[in-house]
Structure formats: C-alpha cells, structure tokens
Amino acid sequence: MLGVLSAVTMVLTARQLADFRRAELLLQLARGAGRARLVGAAAAEWALCTVPAAVLGLWVAGPLLRVLERWGLPVGGAAEEAAGAAAWAVAGVALLLHGCATLLPVAWTADGGEREAPSRSARRVVARRAGADLVLAAVAVLAYLQLRRYEGLLSPASSAVGFDPVLVAAPVVMTVAAALLLLRLLPPLGRLLEVLARRGRGLVAPLSGWQVSRGRAGQAAPVMLMALALAVGALSTTAIVDEGPSDRDRAAFELGADLRVTGGELPSSARYAALSELPGVAAVTPVAEVLGQVRGVDASVLALNTEAVQSVATPDRVESGAWTHAVPAVRADQLSESWGSGLAKLRAGVPGHGMPLEGRPAALEVSASVSAADLVGRVWLVAQVEDADGLVTEAQAQLAVDGVSRAVALPLPAATLHYPVQVTRLLLRSEVRGFPRALFTFTVSGIAGASLPGGAAWADTSRGSGTSSGLRCPGQNDAGVAPRAEAGVCRMLPAGGGLFSAEVRGADPMAGVAADSVAFGVLGENVSSPVRGTAKRGFVVPAVVNRAFLEKTSSRVGDELRVMDGGEDQFGVKVVGVLAELPGGGDRGRPRALVDLRALAAARAWSGLVPVPDQAWLLAAGSRDGMVRAERAIAAEPRLGRVLSVDARARELAGDPFRAGRRSALVLSLALSPVFAVAGFTVHAVGSARSRRREFAVLRAIGVRRRQLSGVLRLEQLVVVAFSVLLGGALGVVLAAMVLPLLVVDGAGRAVFPSLELAVGWGWTAGVVLATGLGVGLVVLVLSRMLARVDLARELRAGESG
C-alpha cells in the first residue's frame with residue numbers, strides 16, 4: 001500500500017509539472033523545436049533533479065532506520081540492507097515510474113497531443129465509463145474471492161516461492177479499485193455544489209462551487225491520493241488496535257484456558273488440591289486424551305471435567321479479546337448456543353458406574369474373602385476409586401487366602417482427593433510365577449460407607465473374551481477349545497447378601513507373566529449383561545467435535561460412532577455439537593472430539609479398559625491480576641509442574657519475527673500515509689493555483705479583494721479535503737472489515753485461528769483521519785494566503801505566460 005501511495009504521489013507531481021510546462025513546450029514547438037530536443041532537455045532536467053534525490057534517499061535510509069530502531073520500532077535489521085541490491089532495485093523502479101510519468105506527457109505534447117481530439121457522443125462516453133466501472137468492480141470482487149478461497153497468503157502454487165504474489169497484491173488491487181469506483185461520486189458532488197453556489201449571495205461560495213464543479217476532472221488525482229492515504233491509515237490503525245486482542249485469542253486457543261500446567265512431581269490425586277488453592281484461580285480441571293480411529297480415520301478424544309468449569313462458561317469470557325477465558329477457551333463467534341449449555345450436554349445422561357463413598361475416609365474398608373483349593377502365591381485386592389474429576393486412584397492391600405471374610409483397609413490419599421469419590425472397580429490380582437494354576441473363590445460382602453445405586457449390580461468387566469471358554473473351569477467342557485493363558489472369571493456365584501461372589505481361574509504360570517488379574521465393575525440399570533471384550537452399545541459418550549471430524553468421518557450431528565484402537569472396540573461417542581476447531585493445541589485440521597471426563601471414565605470402566613491418566617491441567621483465572629498471581633505461584637513451586645499462561649504466550653506471539661515485521665510495516669504505513677497525503681495535496685494546490693494566476697488577476701482587476709481570493713481558494717480546497725477525508729476513512733474501515741481477517745496470518749502464511757475479530761478502534765481511527773485532515777487543512781490555510789497574492793501588471797500584460 002505504501003508503494004501504491006508513493007506511485008500515486010510521483011505520478012501526481014509529474015502531472016503537475018507537465019501541466020505547468022505545457023505552455024512553454026507549445027511555445028518552443030511554435031518556434032521550431034523538435035521532439036527529440038524537447039524530450040532530451042526534459043530528460044536532462046529530470047535526471048539532474050531526481051537521480052541525486054534517489055541516491056540521497058538510499059544514503060539516508062540506513063541512518064533513519066537506525067533511529068527508528070532506537071525508538072523501539074522493530075525494523076528487523078533493515079538498516080543493514082538499506083544499501084543492498086533490493087533497495088537499489090526499488091529505487092530503480094521508482095525512478096522508472098517517475099521518469100515515465102514526467103517524460104511521456106512531453107513526448108505526447110511534442111507529437112501534437114494538444115490538437116483537439118475528435119468529439120465523442122455523450123452516450124459513448126457513458127458506455128465507456130460504465131464498462132470501466134464494471135471491470136474495476138470485477139477485479140475487486142475477484143481479488144476478494146481469491147483471499148476468501150485460500151484464507152491467507154498461501155495457495156497450492158506458492159509452495160515453492162513462499163507467499164503467493166497474487167494473494168499479496170489482492171488487498172492493494174481491492175483498495176485501488178474501490179477508490180477509483182468511489183471517485184464516481186465526485187461529479188455528482190460538483191454538480192450539487194454548483195447548484196448550491198447559484199443560491200448564494202456572496203462571492204466566495206459561488207466561485208468555489210463553480211470551480212469544484214468545473215475542475216472535478218483535475219481534482220480526481222488528489223482526491224484519490226488522499227482517499228488512499230486515509231484508507232491506509234484507517235486500515236493500519238484498525239490492524240494495530242486488533243493485534244492485542246487477536247494475540248490473546250490465539251494464545252487462549254492454543255492453551256485451552258488462562259493457564260495450562262503440565263508435568264510436575266505430584267500424583268494425579270494430589271494435583272487438584274494443590275492447584276485449586278492457588279491465589280487467583282477460579283476453576284481447575286484435568287485434561288486427558290485418548291487416541292484411536294473412527295471409521296478408519298485417526299482421531300483424538302479430549303476429556304475434561306465439564307462440571308468443574310461450568311461456572312466460568314460466562315458470556316464475558318467467550319468474547320473476543322477477553323482477558324480471562326472459559327474452559328475450554330472457545331470464542332462466541334464459534335458457538336451456536338451458550339457455552340454453558342454446550343458443556344451441560346456433554347455430561348447429560350452419564351449413568352451410575354460405581355458405589356459412592358460417604359465422607360472423607362483415610363482408608364477404603366472392604367469386607368472380602370478369597371479361597372483356593374491349591375497352593376497359591378500372594379493375592380491382592382485392588383480398588384479403583386474415581387474422584388469428582390473422573391480420574392482414578394488405585395488402592396491395594398494383600399488378602400489372606402483362607403476363605404475367611406474380613407475387613408481389609410486400603411489406604412487412600414484422603415487429604416488430596418477431589419471429593420466426592422466412588423468405587424468403580426475391584427480387581428483380584430494374584431502372583432502367578434512358581435505356582436500351579438489356581439481356582440479361586442472370591443467374595444466381596446460390602447464396602448464401608450458405600451452403597452450400591454438402585455438397579456445397579458456388580459459384574460465381570462475383565463477385558464478379554466466374552467465367555468469362560470478355554471479357562472478349564474470345573475464342570476465346563478472345553479474340548480476342542482484352545483486354552484486361554486490369561487486369568488478369567490469362570491462364573492458369577494450367588495452373592496448371598498453381599499455385593500458379589502465369583503469363581504476365578506488364575507493365569508497359566510507357563511504364560512510367562514508374574515501376575516495377572518480379573519476386574520469387577522458396577523453396571524448401571526440400563527446395562528443388562530456383563531461387558532467383556534467389547535464396549536456395551538447401551539451407552540455412548542456425548543461429544544462436541546470439530547468440522548474436520550465430520551468431514552473426514554463422513555458423519556453429522558446425532559450420529560453414534562465407535563472409537564477403535566488397532567481394530568479393537570473401545571467406546572462409543574455421539575455427536576451433539578460442532579465447533580470450527582477445538583481449543584487446547586494439536587494440529588488444526590485433525591479430527592478431534594471433546595467429551596466429559598466422567599462420562600469417558602464410565603464408558604471405559606464398562607468396557608474393561610484401563611483408566612485414562614491426566615495429560616495436563618487447565619486453570620481459569622478469576623481476573624487478569626489473578627492470572628499473574630497464579631502463574632507466579634506455580635513457577636515458584638516446581639513440583640506443581642510447568643505453567644504457561646495466556647499472557648506469556650501472547651507475548652511470545654507478539655515477539656515473533658514475522659509478526660514484529662508486520663507491526664513495523666503497519667506503524668510505518670500509519671506514520672507515512674499522512675505525509676504522502678499532505679505532500680501530494682500541497683503539490684496539487686500549488687499547481688492548481690499557479691495555473692489560475694491570470695484568472696485571479698482578472699478578478700483582482702474588477703475589484704475582488706485578496707481576502708476574498710484567499711477565501712475562494714480555501715473553501716474549494718477544503719471541500720475537496722472534506723470529501724477525501726470522508727471517502728478515505730469510510731473506505732479504510734470497510735476494507736478492514738473485509739480483508740483484515742484474511743490478511744492477518746501466522747509465520748506459515750495461514751490465516752490465524754481464531755480469525756481476527758474486527759473491532760474498529762474508532763478513537764484512533766478518528767484521530768488519524770482528523771490529524772491528516774487538519775494537516776492538509778493547515779497547508780490549505782497557509783497556501784491560500786500566499787497564492788492569493790497576484791502581480792496584476794505582470795499577469796495581465798499581453799504575451800506573458802505564453
């Protein structure tokens with residue numbers, strides 16, 4: 001855009017110079033000067049002025065860039081390249097453009113270009129203008145569609161050269177085309193001013209309106225220059241204002257929350273207590289991930305405690321640029337309903353899959369007995385206790401193999417568990433090596449402080465075959481069936497008033513394992529049979545998925561899908577919602593699903609799968625200051641893990657070299673666009689006034705005072721300035737809304753996600769527009785007083801000025 005501004009400024013100055021010298025050229029032609037002589041003299045004058053200026057510009061570019069770098073503008077080592085080959089190439093292109101704009105009018109005049117052109121009918125002129133307008137509109141629309149299609153500055157054709165030059169040029173083409181189209185508003189404005197001028201009684205307003213109406217063709221270039229300059233200023237201001245909120249949105253999307261904690265020395269059962277007590281923390285949840293395949297497509301399932309983060313799923317936390325965020329950190333423009341409602345769907349209908357434990361006991365007391373007919377090794381009772389987050393803690397104790405029922409205490413980390421908790425599975429683990437294959441009778445009479453939910457029952461949930469075939473169980477004919485080496489349940493026995501009783505065949509000692517186990521779990525009332533080998537189809541986990549999940553698995557909202565792992569059925573998911581992308585990191589475009597951690601724990605427990613471990617912890621801050629305090633507290637305690645906050649990640653994004661270079665370009669555009677506007681308009685105002693010196697002389701001769709001439713100049717130029725300011729400001733804001741979300745890209749050239757949420761900085765934009773307008777207006781005020789001075793004798797003398 002700066003290149004376009006500089007090009008328009010150079011063409012405008014060259015045009016003013018050509019208009020100023022036209023009369024002199026015609027006089028020289030009349031006296032016999034040839035084309036070669038005129039063009040050669042003009043070229044010599046041009047080279048004498050512009051070539052030293054270009055060399056001087058290259059010489060001072062380095063020091064100026066160093067000054068900007070000292071002022072804090074990240075120019076990225078551009079000072080060292082100021083005299084390099086690229087700089088000389090840019091200077092050469094600028095010289096070529098300015099030379100063509102200066103010398104071509106001279107050659108055209110020398111070839112008789114001043115002769116009267118053949119008249120054209122008004123209908124033909126209108127048709128040509130309409131055709132040009134259609135071409136401009138088509139070019140602008142095509143450029144916009146290209147940006148929308150590729151959502152960034154990369155295309156399939158740009159893999160070898162980096163950014164696609166066509167996409168890079170698209171915003172410039174759109175801006176120039178829009179500015180040229182909006183110039184069509186200048187003639188109606190001129191006619192309106194002419195009508196209004198006729199109604200005036202004074203001299204200043206009619207003369208000014210008549211001049212604007214009569215000279216609207218000559219006003220097009222300065223109007224376009226100022227409109228482009230102000231559009232660039234408004235566009236740059238909006239981009240700079242939106243950088244900070246966009247960085248926070250991107251950082252929150254990558255982390256998934258205000259703070260993300262990974263690693264650490266604490267066990268999972270102790271992390272909630274340690275993190276929830278930190279200052280400034282409003283909500284805490286673990287994050288688990290399960291990898292698998294859905295319809296043959298690799299996918300990942302993210303799980304968290306949706307109930308724990310329900311309180312921070314508020315509208316203010318999902319707004320663009322928020323200082324604190326919901327968990328996961330989605331943004332309002334991605335949601336079709338409130339995020340609180342979306343989270344509630346994920347935990348709706350989670351069935352009971354354990355025995356709730358009352359209070360906060362230091363140990364789990366289980367009344368159990370185990371007996372065996374043969375000599376056996378050691379036997380352990382293992383209990384899996386699920387906390388309020390859906391994470392599972394294991395507690396174990398050794399059992400005496402004597403058939404006597406006794407209370408066995410399994411120690412619990414009561415001080416750190418996230419209550420309430422429930423007992424979800426009981427495992428019987430036996431020592432295998434060095435002993436014959438045993439047959440156990442395992443009975444659990446009760447669990448102190450725990451009660452079985454109505455309609456629920458304990459059942460075999462061991463992962464493996466769905467039958468006891470091959471276990472060589474008593475009374476079972478396994479003829480022709482291959483023996484099974486792993487442990488398994490032969491049959492469930494009558495509970496006799498207890499929780500359950502089972503006949504268990506131990507693992508084959510020849511299988512080479514040191515120990516093996518069987519598992520028993522609580523099945524809800526909607527599960528009618530044990531779940532062994534495959535997941536029960538009666539319960540699927542509600543899931544919110546990203547668009548890539550739907551596209552690559554050919555699914556839609558409401559579908560129930562199975563998550564597989566190496567061909568083995570794991571659990572089912574039901575699509576209840578869709579987001580463009582799921583927060584929390586990972587490759588964009590990979591199929592991903594978000595589920596409730598307790599729902600996932602229920603499905604895996606029923607399927608006989610091992611519990612999922614926590615991968616990270618997400619923390620929602622109560623305020624921006626709370627985020628800082630929590631981050632410092634975690635950093636001061638290494639055993640809690642490594643913490644990364646949204647603020648820290650946003651600073652990293654802001655410090656990216658590509659991003660720093662873009663900001664430098666925006667700041668330079670913001671600073672230089674008013675300079676181009678003032679410089680170009682000054683050249684136009686001076687040239688326009690000088691071309692009307694004889695007109696001013698005649699007006700002075702018939703009695704018009706100098707103050708009135710100053711008023712005429714001032715009013716007509718201010719009208720043009722006001723039109724340009726309004727046109728440029730509106731054009732900049734509209735273009736910002738259309739192209740900025742597509743132009744703000746990451747270092748790889750892809751559009752950032754979440755996309756830039758446009759928030760026009762009306763204060764800054766108005767300030768830039770007003771500053772530019774006031775600067776040009778000040779120039780107009782000064783020049784109107786200077787240029788209204790006319791030497792009557794010289795201007796009215798016959799033959800002077802050609």
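Can you find even one residue in region 655-674 that is within 27 Å of the chain's Cα centre (by Cα), touching a residue at least 60 places away in the same chain (Cβ under 8 Å) and more than 25 Å from ALA231 (Cβ to Cβ)?
yes
Counting just the residues of region 244-265 that are open to solvent by 30 Å² or more (accessible area, probe 1.4 Å) and over 13 Å from the mean Cα position of the chain (by Cα), which one comes out nearest to SER311 (Cα to Cα)?
ARG260
Being in a loop (DSSP other than H, G, I, E, B), closer than 30 Å to VAL744 by Cβ and either open to solvent by less than 50 Å² (accessible area, probe 1.4 Å) or at pLDDT 70 or above (or both) is the filter here; which residues of region 106-160 pass it?
The answer is LEU153, SER155.
Among the residues of region 414-441, which ones are outside any strand (DSSP E or B), touching a helix residue (DSSP H, G or I) at 6+ places or on another chain (Cβ under 8 Å) and among the hydroxyl-bearing types (Ser, Thr, Tyr)?
Passing the criteria: only THR416.
Of the residues that make up region 224-238, is at least one closer than 30 Å to GLU337 by Cα and either crowded, with 24+ Cβ neighbours inside 10 Å or more than 24 Å from the chain's Cα centre (by Cα) (or both)?
Yes, there is a match, as at least one residue in region 224-238 is closer than 30 Å to GLU337 by Cα and either crowded, with 24+ Cβ neighbours inside 10 Å or more than 24 Å from the chain's Cα centre (by Cα) (or both).
Each row is one residue, and each column tells you yes or no for (1) open to solvent by less than 50 Å² (accessible area, probe 1.4 Å); (2) more than 30 Å from GLY349 (Cα to Cα); (3) not aromatic (Phe, Trp, Tyr); (4) not in a loop (DSSP other than H, G, I, E, B).
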{"position": "THR443", "(1), (2), (3), (4)": "yes, yes, yes, yes"}
{"position": "GLY470", "(1), (2), (3), (4)": "yes, yes, yes, no"}
{"position": "GLY475", "(1), (2), (3), (4)": "no, yes, yes, no"}
{"position": "ALA482", "(1), (2), (3), (4)": "no, yes, yes, no"}
{"position": "ALA485", "(1), (2), (3), (4)": "yes, yes, yes, no"}
{"position": "VAL518", "(1), (2), (3), (4)": "yes, no, yes, yes"}
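Name every residue in region 266-281 that is out of contact with any Phe, Trp or Tyr (no Cβ under 9 Å at 6 or more places or on another chain) and open to solvent by 50 Å² or more (accessible area, probe 1.4 Å), in order of residue number.
Residues satisfying the conditions are PRO267, GLU277, PRO279.
When you go through (1) touching a helix residue (DSSP H, G or I) at 6+ places or on another chain (Cβ under 8 Å); (2) closer than 25 Å to VAL563 by Cα one by one for GLY296, which number turns out not to apply?
All conditions are met except number (1).
When you scan region 374-396, do you find a residue that is under 27 Å from GLY496 (Cα atoms), at pLDDT below 90 and acidic (Asp, Glu), even just one?
Within region 374-396 (the criterion being under 27 Å from GLY496 (Cα atoms), at pLDDT below 90 and acidic (Asp, Glu)), the answer is yes, since at least one residue qualifies.
Could you go through region 414-431 and let me know if any residue there is basic (Lys, Arg), touching a residue at least 40 places away in the same chain (Cβ under 8 Å) and either closer than 20 Å to PRO494 by Cβ or open to solvent by 20 Å² or more (accessible area, probe 1.4 Å) (or both).
Taking every residue of region 414-431 in turn, at least one turns out to be basic (Lys, Arg), touching a residue at least 40 places away in the same chain (Cβ under 8 Å) and either closer than 20 Å to PRO494 by Cβ or open to solvent by 20 Å² or more (accessible area, probe 1.4 Å) (or both).
Do we have ARG562 as farther than 25 Å from TRP339 by Cα, of a type outside the set (A, V, I, L, M, F, W, C) and exposed (fewer than 15 other Cβ atoms within 10 Å of the Cβ) here?
no
Of all residues in region 22-38, which are open to solvent by 40 Å² or more (accessible area, probe 1.4 Å) and either touching a Lys or Arg at 6+ places or on another chain (Cβ under 9 Å) or in a helix (DSSP H, G or I) (or both)?
Listed by number, the residues that qualify are ARG22, ALA23, GLU24, LEU26, LEU27, GLN28, LEU29, ALA30, ARG35, ALA36, ARG37.
Of the residues GLY680, GLY732, which single one is in contact with a Leu (Cβ under 6 Å, 6 or more places away or on another chain) and under 20 Å from TRP764 (Cα atoms)?
Just one listed residue meets the conditions, GLY732.
When region 565-582 is examined, which residues are found to be open to solvent by 10 Å² or more (accessible area, probe 1.4 Å) and within 25 Å of the chain's Cα centre (by Cα)?
VAL576, GLY577, VAL578, ALA580, GLU581 - these are the residues of region 565-582 that are open to solvent by 10 Å² or more (accessible area, probe 1.4 Å) and within 25 Å of the chain's Cα centre (by Cα).
Could you tell me whether region 767-783 includes any residue that is surrounded by fewer than 18 Cβ atoms within 10 Å (Cβ to Cβ), farther than 30 Å from GLY256 by Cα, in contact with a Ser or Thr (Cβ under 9 Å, 6 or more places away or on another chain) and modelled with pLDDT of 75 or more?
For region 767-783, residues surrounded by fewer than 18 Cβ atoms within 10 Å (Cβ to Cβ), farther than 30 Å from GLY256 by Cα, in contact with a Ser or Thr (Cβ under 9 Å, 6 or more places away or on another chain) and modelled with pLDDT of 75 or more: present.
Restricting attention to region 372-413, and to residues there that are assigned to a strand (DSSP E or B), open to solvent by 60 Å² or more (accessible area, probe 1.4 Å) and polar (S, T, N, Q), which single residue is farthest from LEU357 (Cα to Cα)?
The selected residue is GLN398.
Kindly establish whether SER367 is more than 21 Å from ALA252 (Cα to Cα), of a type in the set (S, T, N, Q) and either open to solvent by 10 Å² or more (accessible area, probe 1.4 Å) or under 22 Å from the mean Cα position of the chain (by Cα) (or both).
Judged against the criteria, SER367 is a match.
Within region 81-94, can one find any residue that is modelled with pLDDT of 80 or more, within 29 Å of VAL4 (Cβ to Cβ) and of a type in the set (Asp, Glu)?
For region 81-94, residues modelled with pLDDT of 80 or more, within 29 Å of VAL4 (Cβ to Cβ) and of a type in the set (Asp, Glu): absent.
Filter region 434-447 down to residues that are in contact with a strand residue (DSSP E or B) (Cβ under 8 Å, 6 or more places away or on another chain) and over 24 Å from LEU523 (Cα atoms), then give me how many there are.
3
Consider PHE681 carefully, then state whether it is open to solvent by less than 50 Å² (accessible area, probe 1.4 Å) and at pLDDT below 80.
yes
Has region 622-631 got at least one residue that is part of a loop (DSSP other than H, G, I, E, B) and closer than 30 Å to GLU560 by Cβ?
Within region 622-631, none of the residues are part of a loop (DSSP other than H, G, I, E, B) and closer than 30 Å to GLU560 by Cβ.
If I go through region 296-316 residue by residue, how many of them are under 22 Å from the mean Cα position of the chain (by Cα) and free of Cβ contacts under 8 Å to residues at least 60 places away in the same chain?
Number of matching residues: 4.
The values are calculated or read from the model by the stated rules, or taken from the named source; none is laboratory data. No experiment lies behind these values; they were computed from the predicted model shown. Cβ coordinates were reconstructed from backbone atoms using ideal geometry, including for glycine residues, and neighbour counts include every protein chain displayed. Protein only, heavy atoms only, side chains kept; ligands, DNA and RNA dropped before computing areas. Shrake-Rupley method; radii C 1.70, N 1.55, O 1.52, S 1.80 Å.
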